[in-house]
Structures are given as structure tokens and as C-alpha cells.
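The values are calculated or read from the model by the stated rules, or taken from the named source; none is laboratory data. Note that this is a predicted model, so its numbers are computed, not measured. No Cβ is skipped: glycine too gets one built from the backbone with ideal geometry, and neighbour counts run over all protein chains shown.
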Amino acid sequence: MTPLRQVRLADGSHVPCLGQGTWRMGEDRGRRKAEIESLRLGIELGLGVIDTAEMYGDGTSEELVAEAIAGVRDEVYLVTKVLPSNATRSGIPAACAHSLKRLKVEQIDLYLLHWRGGTPLAETVEAFDALQSKGLIRHWGVSNFDVDDMCDFAGLARPGACMTDQVLYNLEYRGIEHDLIPYSVEHGIPLMAYSPVGQGGKLLRSPALAGVAQRHQATPAQVAVAWTLRLPNVISIPKAGDVAHLRENAAAASLVLTQEDLAELDRAFAPPSRKVPLAML
């Protein structure tokens, strides 16, 4: 497999453009072995960004990830998220300690605020900085933040402190192209795209997606992932619950969509012409 393109983070470090999501993984004991095999194969193939959260299965996803990365921790860029209800001065250190214990690691590479809640952002930033100074987290960032949220946030954090904004992005939900993507490019904050193939299978039944896939001898899911990867500042994190699905996702990184492909997808899924509310799952 060709080495994955790297995306530059604000501190100058780089991560692969394609990673692995784990939402709803670890909840079914009968699928545990297949899910761990999938994550391990992904690491072997270079999909080293693994995203989880304390919310996913009340920690069971983090425990699954711990088993999958045992012995290969150095090959993984580990991302997890703190709930807004825990994003206080005292809540964040406790939540981080629980995540570290479940993940069986000494440091989290990227710790994200899962979405904006009622805690003042300045308090959350202060707590993140404290964790970073203690070496418990390497970097921190946010998730599900729109441009207004990012602007509120910008005056509170030191330049280059926020590593990413993880948001819903796929052909069905393109609203961030209007303003959030331009903002992220201007400020050097890469975006992390969750659910790049959509939810429930509706997106993958699109005739336009099928047509593009047929031209490339690919699958609709591979086209959907490759479409998110067309942008140099996007890290895509599709989920794969088994080895076959993981191989399908990994192959998407080698799929280069043509201008004809992109135009066809634009006709089926129009880019935004105005500001729309940030979509979330």
C-alpha cells in the first residue's frame, strides 16, 4: 500500500490523512475480536489516527482501543474526547484520568472537547493547558465547533494551541464548505471528518456515487471517503468493524477523483450557497 499523505498540524507535526473511527465499537461482545483485528490491521496499513471518546459506550470503546493498540502504542496517534459536562476546571483532570486508565496509556495524543456546553471556554482551555503542562496530553482541540464557536475560542487560547476541529462532513452534509473550511485553512487548523460515508446507508445508495464508483472499479464507500480526502487539510476517520471493511476504507486513500467525478457529485449533492447551521450526530 502506498504511504498515506500526511496532514500538517499547527505545531508542525504530521498525521496520516486517513484514520479510524470507533463510534459504537466495543458495545457488542460478540464483535469484539473482529473489531480489534480491524483496528490492528489499520495500524499496520498506516491508518494510525484512532479516534474514540469517553461517551462511546460509556468508556467501552476506549477499553477496546486499549486492547487493539497494546504493543503498538508508538505507531498510533490516539484521540479521545471529553464530554462538555466534564469540561470544568476540576472535571477535565478527573475525566482525563479515567480515559488514561481505560486506554492503558500514560499520555493522550489529542484530547478534544466533544461539543460546546455551558462551561466557559476559558475554563476549559485553562484545564487543557494544565493537562498538557503535566504531560498527560500531547495536544488538545475541539469537536462540533462552528465558525462562531471558533472565533469565541480564538481569543482564549495561545496561537497554534488548537490542533483540530472534528466535525461531521460528507456529501450529504457540506455546510462547512461555506465558512468553516475557509476559516480552518486561514488559521492552519485541520479538520477531522467523522461519518464520511454517512449514517444509515442512504448516502451509499446514491446513483451518482454508484456511477463514479463504477468508473473507478471502486465501491461507493471508497468514493465517499476519497471525496473527503480531496482537501489537503482534512483528516477522514471512517469506522470499520471488520477486516474486509477496513481494507475497503484503506484503499480509498489511493482513489483520485477527476474533475468529471467531482462535477457529477456536485450535481447530486450541491455545495452550500449560504450559511447553514453546523450539522452534528
### Task
May I ask you to list the residues in the range 1-39 that are assigned to a helix (DSSP H, G or I), small (Gly, Ala, Ser) and surrounded by 19 or more Cβ atoms within 10 Å (Cβ to Cβ)?
Ser38
### Message
When you scan the range 181-189, do you find a residue that is touching a Cys at 6+ places or on another chain (Cβ under 9 Å) and surrounded by 22 or more Cβ atoms within 10 Å (Cβ to Cβ), even just one?
### Response
yes
### Query
Given Phe153, Phe145, which one is farther than 28 Å from Asp74 by Cα and assigned to a loop (DSSP other than H, G, I, E, B)?
Phe145
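Residue-by-condition table, conditions (1) among the aromatic types (Phe, Trp, Tyr); (2) touching a helix residue (DSSP H, G or I) at 6+ places or on another chain (Cβ under 7 Å); (3) on the phi > 0 side of the Ramachandran plot:
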residue: Thr60; (1), (2), (3): no, no, no
residue: Glu67; (1), (2), (3): no, yes, no
residue: Gly71; (1), (2), (3): no, no, yes
residue: Glu75; (1), (2), (3): no, yes, no
residue: Ser99; (1), (2), (3): no, yes, no
residue: Leu103; (1), (2), (3): no, yes, no
residue: Asp109; (1), (2), (3): no, no, no
residue: Ala122; (1), (2), (3): no, no, no
### Query
Can you tell me which of Gly141, Gly155, Gly201, Gly175 is under 20 Å from the mean Cα position of the chain (by Cα) and modelled with pLDDT under 95?
Gly201
### Positions within the range 45-72 being out of contact with any strand residue (DSSP E or B) (no Cβ under 8 Å at 6 or more places or on another chain) and either surrounded by fewer than 22 Cβ atoms within 10 Å (Cβ to Cβ) or not in a helix (DSSP H, G or I) (or both), in sequence order
Leu45, Gly57, Asp58, Gly59, Thr60, Glu63, Ala66, Glu67, Ala70, Gly71, Val72
### Task
Specify which of the listed residues (Thr2, Thr52, Thr60, Thr22) is in contact with a Phe, Trp or Tyr (Cβ under 7 Å, 6 or more places away or on another chain) and among the polar types (S, T, N, Q).
Thr22
### Query
Is it the case that Gly42 is at pLDDT 95 or above, in a helix (DSSP H, G or I), of a type in the set (Gly, Ala, Ser) and at negative phi?
yes
